[in-house]
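This report refers to the structure that appears directly beneath it.
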Amino acid sequence: MAENPSVTNFRNYIRIRTVHPNPDYDACANYLESQAKELGAEFQKIECVPGKPIVLMTLPGRDPTLKSILLNSHTDVVPVFPEHWKYDPFSAHKDEKGNIYGRGTQDMKCVGIQYLEALKRLRKEGAAFLRTIHLTFVPDEETGGDEGMGMFVNTPVFKKMNVGFGLDEGYSNPTEKFFVFYGQRNPLPVMVRCQGQPGHGSQFLPNNAGEKLQKVINRFMEFREKEKNKLSSNKDLRLGDVTTVNLTMLKGGVQFNVIPAELCVGFDVRLAPSVNETEFEKMISVWCEEAGEGVTFEFRRKSVPQVITCIEDGKNPWWDAFSSACKKQNLDIETEIFPASTDSKYIRMLGIPALGFSPINNTPILLHDNNEFLNEETFLRGIEIYETIIPALANLKP
Ligand code: ZN
């Protein structure tokens, strides 16, 4: 049986090596330009940072003065360890079950192609939309997004787009349900420096960097344990509702018989949206003070205040349009806070409501993992899902 052309298109996109640390963004932009042509959309390539193109496709609405719809996806993918893969991660190999293997099959080249294929089909059927639809294909999401969507949202081009609502990535759900993300946690990596008196490793010297480090680690780990228990003891909570802390970096020491003058420890912290950042910072200050003199800390990333998109029925017309379209197709959705970070944060920061949604169910969560795959039937179903969701949004009456 001949392959569905939408699937072929998806597999071709997977084969473009937009993998860090040297993503082939040029090949990707060329490919997307041909897609824009096929769709009949206006095409623009914007470079906020040279060599990192943002592709913008636009389908003008019947009333271009109305707020537009943004369908966002990122083009880059994370590195692979090919020796742990069953097939070449950029071959888009399809096995006998229809599982398509490749880096980006879930995160998130599937979604980029699904938007395009859904729109191609709708336009073939003669659909015209009330509101303008913009598709953005952005670079560098996997390295934080600052040089992709982060810069793009501050350009005159973005302002002119007049975006009213955005759709961006979610991730797969292993059950029959689909995840919808309406916010995300605030990543706040923190490095703690413990300074003390250096000396001979044979002594019990006071003012000891190691003792201070131990106290700091204990405080962070006690906090971690509390959050872990909070999550496991309450069935209504999801990972995104609690704060995670992980010790991810340790630095210091020169040789066994020398007590070091400094030891450093780094933690990956992701604040739940309910946590006040200033309060959290105060708590760390107290911990450092208690650990002793010369213990200081710094956040290693400018925190991005997290804005949540309203998902209360009747209070946000975009949400109502999205959720009714899901209901119409009998999609069982689970609403959550995204536990990690996506480009949606830049959109929500501007006060624009945005939802994270990848139409993937009954599939293991394999983003960033070995043997990432997506079944072609699941992929094709996703196109149909967007064929209902996109018109519901783009035809939303003001
Ligand atoms: Zn992603």
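The values are calculated or read from the model by the stated rules, or taken from the named source; none is laboratory data. Worth saying up front: this structure is predicted, and the values here are computed from it rather than measured. FYI the Cβ positions are ideal-geometry reconstructions off the backbone, even for glycines, and counts take in every protein chain you see. When the accessible area is computed, the model is the full protein with side chains, heavy atoms only, and any ligands, DNA or RNA have been set aside. Shrake-Rupley method; radii C 1.70, N 1.55, O 1.52, S 1.80 Å.
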Study note, to complete from the structure: Extension length gain for Asn162 and Ile46 (0.36 nm per residue less Cα distance), in nm, is 40.1 nm
**Study point:** Acute angle (nearest 10 degrees) that the helix 109-124 long axis makes with the longest principal axis of the chain, alpha-carbon atoms
**Key:** 20
Practice item. Between Asp236, Asp268, Asp88, find the one with the highest GNM mean-square fluctuation for the chain; connect C-alpha pairs within less than 10 Å. Key: Asp236
Check your understanding: To the nearest 0.05, how large is the calculated FRET efficiency for Lys226 and Gln197 if R₀ is 30 Å and r is the Cβ-Cβ distance?
Key -> 0.35
Exercise for review: Only helical DSSP H runs with n ≥ 4 go in: add -39500 (n - 2.57) per run for the chain, normalise by residue count and round the 222 nm mean residue ellipticity to 500 deg cm²/dmol.
Suggested key: -10000 deg cm²/dmol
Review point. Gaussian network model of the chain, Cα springs within a sub-10 Å range: biggest mean-square fluctuation belongs to which of Val258, Val190, Val269?
Key: Val258
**Study point:** Protection proxy ranking of 248-256, 109-117, 93-101, 325-333 - average other beta-carbon atoms within 10 Å, highest first
**Key:** 109-117, 93-101, 325-333, 248-256
Exercise for review: Counting only heavy atoms of the protein chains, get the accessible area per residue of the chain (1.4 Å probe) and round it to a whole Å² value.
Suggested key: 46
Exercise for review: Could you work out how far apart the two model spin labels at Gln329 and Thr175 are, taking each label as a point 7 Å from the Cα in the direction of the beta carbon, and quote it in nm?
Suggested key: 2.0
**Study point:** Flagged links, alpha-carbon separation over 19 Å, of Lys177/Lys328; Lys45/Lys160; Lys67/Lys160; Lys37/Lys94; Lys67/Lys397
**Key:** Lys37/Lys94
**Study point:** Calculated diffusion of the chain, Stokes-Einstein form, Kirkwood radius summed over Cα pairs, 37 °C and 0.692 mPa s, µm²/s
**Key:** 143
Exercise for review: Take every Cα pair under 8 Å in the chain that's 6+ residues apart, average their separations, divide by the length, and report that relative contact order as a whole percent.
Suggested key: 25
Practice item. Using only the Cα atoms of the range 348-396, each taken as one equal point scatterer with no solvent, compute I(q) by the Debye sum, divide by I(0), and report log10 of the ratio at q = 0.14, 0.18, 0.23 Å⁻¹. Key: -0.52, -0.75, -0.93
Point to revise | In the range 171-243, GluC sites (Glu not before Pro) in a DSSP loop with at most 13 other beta-carbon atoms within 10 Å | key: Glu176
Practice item. Would you tally the net charge around Arg131, using a Cβ to Cβ cut-off of less than 9 Å, leaving Arg131 out, and scoring K and R as +1, D and E as -1? Key: +1
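Restricting things to alpha carbons, find the Rg to Rh ratio for the range 189-299 using the Kirkwood radius for Rh.
Result for the range 189-299 is an Rg/Rh of 1.06.
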Review point. If the label point is 7 Å along Cα→Cβ of His368, which residues in the range 320-349 have backbone nitrogen under 12 Å from it?
Key: 339-342
Check your understanding: Of the accessible area of the chain, with the probe set at 1.4 angstrom, what percent is carbon plus sulfur?
Key -> 52
Exercise for review: Just flag the GluC sites (Glu not before Pro) in the range 1-39 sitting in loop per DSSP whose Cβ has no more than 14 other Cβ atoms within 10 Å.
Suggested key: Glu3
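With all protein chains present and a 1.4 Å probe, how do Leu39, Leu263 order by accessible area, largest first? Could the numbers behind the result be given before it?
On the way: Leu39 10, Leu263 30 Å².
Final ranking, largest accessible area leading: Leu263, Leu39.
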Review point. Could you list, bin by bin from short to long, the percent of Cα-Cα pairs of the range 224-361 in 10 Å steps?
Key: 9, 29, 30, 18, 9, 4, 1
Exercise for review: Averaging sequence separations of C-alpha pairs under 8 Å and six or more residues apart, then dividing by the length of the range 189-299, give the relative contact order as a whole percent.
Suggested key: 42
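Would you mind counting up the charge near Ser323? Only other residues with Cβ under 15 Å from its Cβ, with Lys and Arg at +1 and Asp and Glu at -1. It would help to have the intermediate numbers written out before the result.
Numbers: positive: Lys177, Lys315, Lys327, Lys328; negative: Glu312, Asp313, Asp320, Asp332, Glu334, Glu336.
With Lys, Arg at +1 and Asp, Glu at -1, the net is -2.
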